[in-house]
Every structure is written in C-alpha cells, then in structure tokens.
Amino acid sequence: ENGKRELFARSVDSMKQVMKVAEKEGVTVCVEAVNRFESALINTAKEALQYADAVGSKNLGIHLDSYHMNIEENCMGDAIRLVGKRLRHFHTGDNNRNIPGRGHIDFDEIFRALKDIDYKYSIVSEPFLQMGNEVGYDIRVWRDILDDPTEARLDEGAKELLDFTRNMLKK
C-alpha cells in the first residue's frame, strides 16, 4: 500500500510537468487503467479518476480497456459511467485478448454504458498480438492470440472486428 502511494505521488508530480507542455500544445494525454498483473499504479476506473484529479489538467483524459476491466472492475458499465465525460479513449478486447465476441465479456453492457455517457471518441482494439515481438513479450503473450496469423487471416479478423463494432454501435 505505502509503495503504491509513493509511486502514485511521484507519477502525479511527473505528469503535472508533462501536462504543462500538453496544455501549451493543445494535446490530450490519456491515462490507462491497466490490470494488476501489468502495473501497480492505476488498476481501476476509480483510481484513474483519482489520478486525473490529482494531476488537475483539463487535457488529461482517461483510457479504459475492457480486457483490463474484466480483471479489475466489479461492473464494467458502472466503471464507464463513473468516468463519464472524462473517458477519452476506449479499447475493446475480450477476456482472452481476442477479437470482441470470441470470449465471455458482456459487450452489450459496455456499449450501453458508452451510449449512456454519450461517448464520441475512438474505440480501438488490439487483438492481433503475437508472441515473439516486443509487445507480445512486454505483456507476456506466450502464444499467438489469433490461430494461424497469416496476413489473410489477420485481414479476416480485422473485418470481423469492424463488423462487430459497427453492429454494437447500431444497437
């Protein structure tokens, strides 16, 4: 607990300096809540809000990711609604880091909550992680998430992802 508080305080102090430049340049910076297995700093939507409040910049937004939320949040819809208008970037990823809809996350709940807060920013997904590259190693991906990740299969997956997101937004 004490180590996390110290880490949080040092990070806030550093981010205040970053945000001076971001504000001057008109740039929005987002802080992401990441699961406890990848970071100790900010794990939940509530912690992301506490961090943003401590930094105190109108240019600091919050980034939520359904993959991480699946591990850390009691209710993903409530977490999205808690962040509300401060949500500036959203990632869709299923519980298995695969294309949304290929796992067990309730994306109806998520997209309902995004609609509730009138979310207008990017919805991004990163399901095409492969072992053996820098990102795959950094987040401990020890197998290819997409079976047989040829270029054609990656293209098929991208189309599936786009269709899924479009259909969810139409609901």
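Figures for the structure shown
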{"item": "Of all residues making up the stretch 74-103, the number that are without any contact (Cβ under 8 Å) to a residue 24 or more places away in the chain and acidic (Asp, Glu)", "result": "0"}
{"item": "Wholly enclosed strands (runs of 3 or more DSSP E) of the stretch 1-111 bearing at least 2 residues open to solvent by less than 40 Å² (accessible area, probe 1.4 Å), modelled with pLDDT of 95 or more and farther than 30 Å from ASP163 by Cβ", "result": "29-32"}
{"item": "TYR119 being among the hydroxyl-bearing types (Ser, Thr, Tyr), closer than 15 Å to ALA33 by Cβ and open to solvent by 10 Å² or more (accessible area, probe 1.4 Å)", "result": "no"}
{"item": "Within the stretch 104-115, tally of residues that are more than 15 Å from the chain's Cα centre (by Cα) and in contact (Cβ under 8 Å) with a residue 60 or more places away in the chain", "result": "1"}
{"item": "Looking only at the stretch 122-147, and only at residues there that are open to solvent by 100 Å² or more (accessible area, probe 1.4 Å) and charged (D, E, K, R), the one that is modelled with the highest pLDDT", "result": "ASP147"}
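The values are calculated or read from the model by the stated rules, or taken from the named source; none is laboratory data. Everything numeric here is computed off the predicted structure, so don't read it as measured data. Cβ coordinates were reconstructed from backbone atoms using ideal geometry, including for glycine residues, and neighbour counts include every protein chain displayed. Protein only, heavy atoms only, side chains kept; ligands, DNA and RNA dropped before computing areas. Shrake-Rupley method; radii C 1.70, N 1.55, O 1.52, S 1.80 Å.
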